[in-house]
1. Starting from region 117-146, keep only residues that are closer than 12 Å to Ala92 by Cα, then list their pairs with residues that are small (Gly, Ala, Ser) whose Cβ atoms are within a distance under 8 Å, requiring at least 6 positions of separation or different chains.
2. Could you tell me which numbered condition Phe144 fails, if it satisfies all but one of (1) hydrophobic (A, V, I, L, M, F, W, C); (2) loosely packed, with under 13 Cβ neighbours inside 10 Å; (3) in a helix (DSSP H, G or I)?
3. Identify the residue in region 43-63 that is within 14 Å of Ile24 (Cα to Cα) and of a type outside the set (Phe, Trp, Tyr) and, among all such residues, is farthest from the chain's Cα centre (by Cα).
4. Which of the residues belonging to region 5-36 are closer than 16 Å to Ser60 by Cβ and in a strand (DSSP E or B)?
5. Does at least one position in region 151-163 carry a residue that is closer than 30 Å to Asp214 by Cα, outside any helix (DSSP H, G or I) and among the β-branched types (Val, Ile, Thr)?
6. Which one is nearest to Arg142 (Cα to Cα), of the residues in region 52-94 that are among the polar types (S, T, N, Q) and modelled with pLDDT under 80?
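The values are calculated or read from the model by the stated rules, or taken from the named source; none is laboratory data. For clarity, every value in this text was computed on a predicted model and none was experimentally measured. Positions of Cβ are backbone-derived with ideal geometry, glycine not excepted, and every protein chain shown enters the neighbour counts.
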Amino acid sequence: MREVVGSFTGKKVGPTFFRGSNPIDGVWATSDITISNACIMPVGYGIGDHRMFIIDFITSDIIGSNPLKVVRPTARRLINKLPGVTTRYNEALNKQIEVHRLIERAGQLDRSICSERKYIKGLIRLDTELTHYMRYAEKRCRKFKSGRIPFSPEASLWIKKTQVYRSLLKYHAGKIRNRGNLKRSARRCGIENTLSIPPKVLYERIKVCVEQCDYFRKHGKSHRRKHLNDRLQVAKDKEDDVAEKQILAIITREKEKSKWNRIKYVLGKQRAGACFKVQIEQNDGTITEVSSQEEVQQAIWDNVHLKRFYLAEEAPICNGDLRGMFGYNATTMTARRILRGTFVFPPDFEKPPERY
């Protein structure tokens with residue numbers, strides 16, 4: 001290794017400490033590190049009383065010429081905890097296996113007379129094909145929703161109307177040819193005379209739908225709570241205990257999430273910093289606020305040392321006779337006698353019950 005600043009500048013490094021006359025600091029690097037610039041700042045530019053070293057080197061020496069690309073992780077659609085996901089996955093996968101005759105082709109390959117190389121190549125091909133079917137079945141498990149608008153029947157109706165009107169605009173532009181699916185979707189949303197609506201009216205209706213979607217984006221939580229309570233009442237009337245528990249879990253989870261979102265909004269972004277004031281609880285129950293540095297440090301130390309580190313003292317095992325006889329590390333005289341087999345319990349000692 002070589003000293004970077006001296007070898008780059010070609011000059012001798014001077015004192016690096018403001019009271020010294022010889023260099024006591026330095027930066028060393030191996031020969032495979034390419035230094036593009038290096039310097040030493042005067043005293044006072046860095047933190048403390050030593051001079052600050054600034055080294056500039058190329059990025060490829062640290063992370064290489066082909067760095068790993070960081071991408072956003074994708075969520076898994078196959079989650080067994082969600083009801084119905086496993087069933088839909090198995091149905092979609094079995095259907096693909098049956099349509100493409102994967103089991104029959106595997107049996108034909110096993111019964112065929114061929115070389116070992118062709119046999120392994122055929123198995124790898126079938127395995128790769130099965131992997132594609134599994135990925136397809138995983139995508140069919142459940143749908144991802146943005147969650148920008150809380151789900152409710154009213155909000156869902158306006159979202160679907162917006163999609164139908166935009167699809168009608170594409171139909172008038174010649175981009176959609178399947179009229180049957182378009183009319184069927186419009187009929188489900190309560191839209192009549194679908195294909196005879198002019199584009200000018202479609203734009204006006206889309207504008208109204210967007211306004212309604214904005215309303216549900218802001219005030220949709222109340223409609224969401226009403227919808228969940230209605231479904232909960234329906235489950236109670238049907239005496240469906242499974243559905244009732246699932247709906248109650250959804251209500252509890254969303255209530256907790258809403259509470260913490262409000263807390264984070266009020267508190268704002270958390271910023272790290274020093275503690276300048278603390279509150280101390282006195283023996284009489286009153287609370288006193290201290291602000292001097294010595295009192296703050298002493299209060300923090302007392303809270304950490306006397307309370308947090310001594311929580312185990314309240315355990316029942318630490319309040320019995322064994323604690324005094326053995327201690328923490330079992331290094332007492334009583335513990336040594338028990339290990340040697342020479343200890344005799346006193347008559348008044350309460351022995352623990354034997355376990356079989």
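1. Tyr136/Ala92; Ala137/Ala92; Arg140/Ala92; Cys141/Ala92
2. In the conditions (1) hydrophobic (A, V, I, L, M, F, W, C); (2) loosely packed, with under 13 Cβ neighbours inside 10 Å; (3) in a helix (DSSP H, G or I), Phe144 misses (3) alone.
3. By that ranking, first place goes to Val43.
4. Listed by number, the residues that qualify are Ala29, Ile35, Ser36.
5. Looking through region 151-163, none of the residues is closer than 30 Å to Asp214 by Cα, outside any helix (DSSP H, G or I) and among the β-branched types (Val, Ile, Thr).
6. So in region 52-94, the residues among the polar types (S, T, N, Q) come out as 59-60, 65-66, 74, 80, 86-87, 90, 94.
Still in the list and also modelled with pLDDT under 80: 65-66, 74.
Working: Ser65: 40, Asn66: 36, Thr74: 14 Å.
Only one residue tops the list, namely Thr74.
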